[in-house]
Amino acid sequence: MALANTADRYGSLTKTFHWLTALLIITLIPLGVVANNMAYDIKTGAETSDAFVAQTAWLFSLHKTMGVAVFFVALARIAWALSQPKPGLMHPDRKVESLAAETVHWLLYGSLVVVPLSGWIHHAAAVGFAPIWWPFGQNLPLVPKSEALAGAMAGAHWVLTKVLAAALILHIAGALKHHIIDKDATLKRMWFGPSDVPTTAHGHKHAAPVTAALALWALALSGGAALGVYAPHSDVVSAAELEVVQSDWQVQDGTLAITVTQLGSEVEGQFADWTAAISFDETVENGTAGTVEVTVSIGSLTLGSVMDQAMGPDFFNAQEFPTATYVADIVPVVDGYEAQGTLTIKGQSMPVTLPFGLSIDGDTASMAGGLTLNRLDFNVGETMADESSLAFAVGVDVDLTATRAPTSE
């Protein structure tokens with residue numbers, strides 16, 4: 001069998017590309033459906049066991065890895081197809097049928113690129129959960145970590161997958177029609193081995209089918225916009241709105257971040273809304289130099305693709321416990337300072353010491369510190385009683401800049 005195409009026959013490489021792509025797509029679609037259904041069970045709390053979460057992540061990783069493979073196979077297939085003659089249509093006189101068949105072909109070719117690419121961009125823009133199994137990293141050039149971009153690409157992937165599925169069904173239906181009803185060689189000439197293939201006339205007209213395919217994609221994507229599928233997907237409860245606090249030192253800006261380890265990969269998040277009431281006297285060298293009272297709006301946390309899970313009843317339970325607090329004394333130590341106090345999360349209070357460095361320039365102070373908490377101390381993720389899916393240790397990092405409040409005269 002010849003490797004390259006001829007005027008009337010597809011070569012063995014074209015056939016290999018065709019059936020390899022078909023196998024990948026037919027595997028990927030149900031795999032994605034199953035993984036998404038399992039993720040929904042995790043999100044709603046129906047399933048939270050370590051084994052179930054690990055299996056879900058494994059399926060998503062398999063889906064993503066196969067999707068990347070489809071992307072590169074599709075590029076190679078398209079490049080090969082552009083270099084080869086294409087056997088003509090079996091029934092060029094059937095104008096409407098020919099236009100429909102060519103349009104479906106362009107939908108398939110394009111979808112084989114844009115569907116995995118949209119999923120890949122979503123993966124690169126999101127944070128955490130189910131890595132791609134390859135040694136080249138999880139990011140993409142020019143793709144920032146962005147919840148807005150991740151949401152938009154997730155929506156686009158959902159819409160474009162539906163276009164791919166519809167085109168695939170039409171393609172299969174057309175092939176079966178040719179084979180069973182028309183009894184021609186359309187399907188036979190794409191299969192391996194010798195077959196009687198009639199001479200066909202050339203003259204594929206690409207302009208109209210390409211235009212029709214582009215119009216269908218635009219229509220589908222517009223429908224997705226009407227459904228609101230491009231917004232960041234989150235059913236998290238509304239974050240508690242914190243009131244501005246007045247204290248001796250006023251926080252001007254800062255970051256309160258956490259780092260969790262899920263399935264061996266670090267996932268970083270930040271709380272967007274938190275307050276700190278600080279009293280502090282830098283001249284005190286022994287004993288208590290001040291106090292701090294921090295209130296954190298739990299619902300303001302962003303934690304990538306695991307955010308919804310983090311807000312659920314088994315984790316932070318933001319619905320019932322919308323805030324966390326930390327009340328502590330500020331004590332000078334040999335190499336800096338410590339905040340020695342009590343942290344309350346999800347109704348559980350534990351003594352916690354936060355070591356930090358401090359620099360003061362006039363009336364402006366900058367501090368940075370960090371510590372590691374055990375999530376089980378605060379009943380967070382109790383159903384994940386081992387570390388196979390979610391590590392016990394949670395890193396907390398805080399840095400802020402504060403200015404001294406003017407003294408009243």
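Throughout, read-outs are computed from the coordinates displayed, never taken from laboratory work. Only a predicted model underlies this, so the values are computations on that prediction, with no experimental measurement involved. Neighbour counts run over all protein chains shown; Cβ positions are idealised from the backbone, glycine included.
Quick query: amide H of residue 270 versus all other amide H atoms, modeled in the peptide plane; which residues come in under 5 Å with a sequence gap of 5 or more or a different chain?
Long-range HN contacts for residue 270: 258, 302.
How many nm is it between the label spots at residue 33 and residue 383, if each spot is 7 Å from the Cα in line with the beta carbon?
Between residue 33 and residue 383, the simple spin-label model gives 2.5 nm.
Can you tell me the length gained on complete extension of the stretch residue 374 to residue 218, counting 0.36 nm per residue apart and subtracting the Cα distance?
Details: separation 156, 0.36 × 156 = 56.16 nm, distance 4.89 nm.
Between residue 374 and residue 218, full extension yields an extra 51.3 nm.
Classify the range 293-372 as rounded, prolate or oblate, taking a ≥ b ≥ c as the square roots of the eigenvalues of its Cα gyration tensor: rounded when a/c is under 1.5, otherwise prolate if a/b is larger than b/c and oblate if not.
prolate
Which whole-number percentage describes the relative contact order of the range 278-346, with Cα contacts under 8 Å and a sequence gap of 6 or more?
33
What full-extension length gain, to one decimal in nm, is calculated for residue 19 and residue 94 as 0.36 nm per residue of separation minus the Cα-Cα distance?
Details: separation 75, 0.36 × 75 = 27.00 nm, distance 2.66 nm.
Working it through step by step, the gained length comes to 24.3 nm.
Quick check for me: using +1 on Lys/Arg Cβ and -1 on Asp/Glu Cβ, what's the dipole size of the range 12-227 about its Cα centre, in debye to the nearest 20?
460
How high is the relative contact order of the range 1-110, in percent, counting Cα pairs under 8 Å that sit 6 or more residues apart?
It comes to 36 percent, rounded to a whole number.
Working out 0.36 nm times the residue gap between residue 334 and residue 179, then minus their Cα-Cα distance, what length gain in nm do you get to one decimal? Don't skip to the end; give the middle numbers.
On the way: separation 155, 0.36 × 155 = 55.80 nm, distance 8.40 nm.
Answer, rounded to one decimal: 47.4 nm.
If you take the charge dipole of the range 329-409 about its Cα centre, with +1 on Lys and Arg Cβ and -1 on Asp and Glu Cβ, which of 372, 405, 383 is farthest toward its positive end?
Most positive-ward Cα: 383.
Using a simple spin-label model with points 7 Å from Cα along the Cα→Cβ vector, what separation in nm is obtained for residue 286 and residue 360?
So the label points at residue 286 and residue 360 sit 1.9 nm apart.
Above 28 Å lies some portion of the pair distances; for the range 249-404, what is it as a whole percent of all C-alpha pairs?
Tail of P(r) above 28 Å: 22 percent of Cα pairs.
For the range 12-227, place one equal point scatterer on every Cα, skip the solvent, and apply the Debye formula. What is log10 of I(q)/I(0) at q = 0.14, 0.19 Å⁻¹?
-0.94, -1.48
Give the long-range amide H neighbours of residue 48: residues separated by 5 or more places, or on another chain, with amide H under 5 Å away, using H modelled in the peptide plane at 1.01 Å from N.
none
Rounded, prolate or oblate: which one fits the range 1-109, using the alpha carbon gyration tensor with axes a ≥ b ≥ c (rounded when a/c is under 1.5, else prolate when a/b beats b/c, else oblate)?
Verdict is prolate for the range 1-109.
With the cut-off at 22 Å, tell me which of the pairs 15/183; 15/162; 145/346; 15/177; 95/177; 43/64 have Cα atoms farther apart than that.
15/162; 145/346
Kindly state, to the nearest 0.05, the FRET efficiency for residue 293 paired with residue 225, given R0 = 35 Å and r defined as their beta-carbon distance.
0.20
Based on the Kirkwood radius over alpha-carbon pairs, what value in µm²/s does the Stokes-Einstein equation return for the translational diffusion coefficient of the chain at 10 °C and 1.306 mPa s?
Estimated diffusion coefficient is 63 µm²/s.
Where the convex hull is taken over the Cα atoms of the range 64-114, what is its projected area averaged over directions, in nm²?
Over every viewing direction, the Cα hull of the range 64-114 projects on average to 4.1 nm².
Quick one: pull the percentage of alpha-carbon pairs in the range 82-146 with a separation above 16 Å.
Of all Cα-Cα pairs in the range 82-146, 64 percent lie more than 16 Å apart.
Using the beta-carbon distance between residue 169 and residue 268 and R0 = 56 Å, what value does 1/(1 + (r/R0)^6) give for FRET efficiency, to the nearest 0.05? Could the numbers behind the result be given before it?
Working: r = 41 Å, r/R0 = 0.74.
Calculated transfer efficiency: 0.85.
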